[in-house]
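Enquirer: Have a look at this one before I ask anything.
The values are calculated or read from the model by the stated rules, or taken from the named source; none is laboratory data. Source: prediction; values computed, not measured. All Cβ positions, even for glycine, are placed from backbone atoms using ideal geometry, and neighbour counts span all protein chains on display. Heads up: the accessible areas ignore ligands, DNA and RNA and are worked out on the full protein's heavy atoms, side chains in. Shrake-Rupley method; radii C 1.70, N 1.55, O 1.52, S 1.80 Å.
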Amino acid sequence: MAKVPAMKLNDGGKIPRLGLGVWQVPNDQAAASVKEALAAGYRSVDTAAIYGNEAGVGEGLRAAGVARKDLYITTKLWNDRHGYDEAHKAMDESLEKLGLAYVDLYLIHWPVAGSTKFVDAWKAMTEMKEDGRARSIGVSNFTQANLERLLDASGVTPAVNQVELHPGFTQQALRAFHAKHGIATESWSPLAQGGVAKDKVILDLARKHGKSPAQVTLRWHLQNDLIVIPKSVTPARIRENIDVFDFELSAADMAAIDGIKEGVRLGPDPETFGK
């Protein structure tokens with residue numbers, strides 16, 4: 001069973017460097033995926049209110065029999081709950097569905113273009129951290145401008161910003177801003193929605209290392225000091241995605257992946273999302 005190393009966050013907490021993402025996993029399949037992942041050595045699971053599978057995730061956590069202290073559970077606040085009171089209610093609803101007393105990381109899922117109401121939600125989230133419902137708080141899909149607005153308004157730095165990030169969409173400028181402020185970068189869609197399996201550079205490196213294109217790509221994320229949450233409902237793929245701690249990419253390998261031509265976002269643009 002693989003053992004996943006952890007990264008220390010700016011609030012003193014520690015997050016596993018690799019976890020299971022459950023976006024687009026139906027609620028009735030989530031329990032089986034979570035149970036399979038925990039059996040394979042995963043200890044981090046990333047869900048969200050909008051995914052509609054928090055109850056299934058909670059069922060899988062209970063079925064796996066892993067001690068709560070050894071788990072790292074992330075969920076997220078959806079865009080229609082950005083008010084102060086609504087954020088508090090949304091957290092309580094998520095905890096009830098998950099069957100947990102607290103989550104390890106609570107994120108604002110998206111900024112709403114043209115709105116600054118996320119500042120009110122952030123105030124509520126700082127209180128959740130104080131009262132123990134969230135061990136750490138952060139954001140997702142925030143641009144540098146969004147982060148600056150949050151920092152200016154609250155003085156409280158997010159522990160994590162979870163953003164679309166993969167070879168060909170590397171978010172270099174945003175990562176530099178994160179590094180300056182001690183914000184951990186977490187990659188969603190780390191395999192470019194399966195696109196890495198078609199890239200010649202990654203295919204060549206997969207053959208060189210005797211690994212799959214996904215494993216090579218996940219290794220690239222890890223060696224770039226990123227947190228990564230690949231999603232799968234296939235047991236063999238779930239196990240494959242965590243089997244990435246027995247090899248390393250060389251500096252030349254890393255440079256080759258870094259050199260993949262920068263493309264476009266595969267997901268929504270935070271500058272326009274929610275308008």
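Enquirer: Is it the case, given these coordinates, that ALA90 is in a helix (DSSP H, G or I) and either open to solvent by 10 Å² or more (accessible area, probe 1.4 Å) or within 23 Å of VAL160 (Cα to Cα) (or both)?
Expert: yes
Enquirer: I need a count of the residues in region 219-275 that are within 21 Å of TRP23 (Cβ to Cβ) and in a helix (DSSP H, G or I).
Expert: Residues flagged as within 21 Å of TRP23 (Cβ to Cβ) and in a helix (DSSP H, G or I) within region 219-275 amount to 11.
Enquirer: With the condition kept exactly as written, say whether any residue in region 156-170 is open to solvent by 40 Å² or more (accessible area, probe 1.4 Å) and more than 21 Å from TRP23 (Cβ to Cβ).
Expert: Yes: one or more hits.
Enquirer: What are the pairs, 6+ residues apart or on separate chains, where a residue within region 16-41 that is small (Gly, Ala, Ser) has its Cβ under 7 Å from a residue that is open to solvent by 50 Å² or more (accessible area, probe 1.4 Å) and part of a loop (DSSP other than H, G, I, E, B)?
Expert: SER33/VAL233; ALA40/MET1; GLY41/MET1; GLY41/LYS3
Enquirer: Further, regarding this structure: Just the residues that are more than 16 Å from LYS129 (Cα to Cα) and either modelled with pLDDT under 95 or open to solvent by less than 30 Å² (accessible area, probe 1.4 Å) (or both), please, taken from region 93-108.
Expert: LEU98
Enquirer: If GLY114 passes every condition in (1) open to solvent by 40 Å² or more (accessible area, probe 1.4 Å); (2) part of a loop (DSSP other than H, G, I, E, B); (3) of a type outside the set (A, V, I, L, M); (4) on the phi < 0 side of the Ramachandran plot but one, which one does it miss?
Expert: (4)
Enquirer: On the basis of being open to solvent by less than 30 Å² (accessible area, probe 1.4 Å) and farther than 17 Å from LYS200 by Cβ, does ILE257 make the cut? Steps first, answer last, please.
Expert: Working: open to solvent by less than 30 Å² (accessible area, probe 1.4 Å): yes; farther than 17 Å from LYS200 by Cβ: no.
In short, no.
Enquirer: Collect the residues in region 157-198 that are in contact (Cβ under 8 Å) with a residue 60 or more places away in the chain and part of a loop (DSSP other than H, G, I, E, B), keeping them in residue-number order.
Expert: Within region 157-198, THR157, ALA159, LEU165, PRO167, GLY168, THR170, GLY182, ILE183, SER189 qualify.
Enquirer: Looking for whichever is modelled with pLDDT under 95 and either open to solvent by 30 Å² or more (accessible area, probe 1.4 Å) or in contact with a strand residue (DSSP E or B) (Cβ under 7 Å, 6 or more places away or on another chain) (or both) here; the options are VAL201, VAL228, VAL264. Which one fits?
Expert: Values: VAL201 fails: modelled with pLDDT under 95; VAL228 fails: modelled with pLDDT under 95.
Exactly one residue qualifies, and that residue is VAL264.
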